[in-house]
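The numbers here are math on the coordinates, done by the rules we state, and not lab data. These numbers come from a predicted model, not from an experiment. Neighbour counts run over all protein chains shown; Cβ positions are idealised from the backbone, glycine included.
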Amino acid sequence: MSIHFALATSLYFSKGINIKTSLPIVYSTDQYSAANDVVLSYIIFAWVSFLILFLCFFTGISMFRYNLSVLHSFFHIMGIIFLTLYITKPWPYEVGWYIVGPT
């Protein structure tokens, strides 16, 4: 749970480098603003997912049902791996939906 929180926080602080990586060398403020809106939307999606994870964990929904537990563990591990790679490598911001969406 704490790793998911740390990654969601790091996702916010690494958004600038990921936006600048995908934009051309010379870009307008409109291009940056549009890219910032996209990145901010999947950061909000990541935080909503974290809150759902938090509620499912403390209510026991994801722990005591076998099928949900396996699915929850799989997506959680994949999310940690991909978010760590996204934060440590300067990937374009368009890749974010492929990472945050399934996890």
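Some notes on this structure:
- Computed on region 2-100, with alpha-carbon pairs under 8 angstrom and 6+ residues apart, the relative contact order is 46 percent.
- On the beta carbon distance between Asn36 and Asn67, with R0 = 22 Å, the FRET formula returns roughly 0.05.
- For the chain, the convex hull drawn through the C-alpha positions has a volume of 76 cubic angstrom per residue.
- Remark: region 48-58, residue by residue, has Karplus-estimated 3J(HN,Hα) of 5, 4, 5, 5, 5, 4, 4, 5, 5, 5, 7 Hz, where x stands for each Gly or Pro and the curve is 6.51 cos²θ - 1.76 cosθ + 1.60 at θ = phi - 60°.
- Over the chain, DSSP H runs of length four or greater, each weighted -39,500 (n - 2.57), average out per residue to a 222 nm ellipticity of -26000 deg cm²/dmol.
- Region 51-70 residues near the modelled Met78 label - backbone nitrogen below 15 Å, point 7 Å along Cα→Cβ: 68-70
- Per-residue Cβ neighbour counts within 10 Å put Thr59, Thr84 in the sequence Thr59, Thr84, beginning with the fewest.
- Residue order, fewest to most surrounding Cβ atoms within 10 angstrom, among Val39, Val48, Val95: Val48, Val95, Val39
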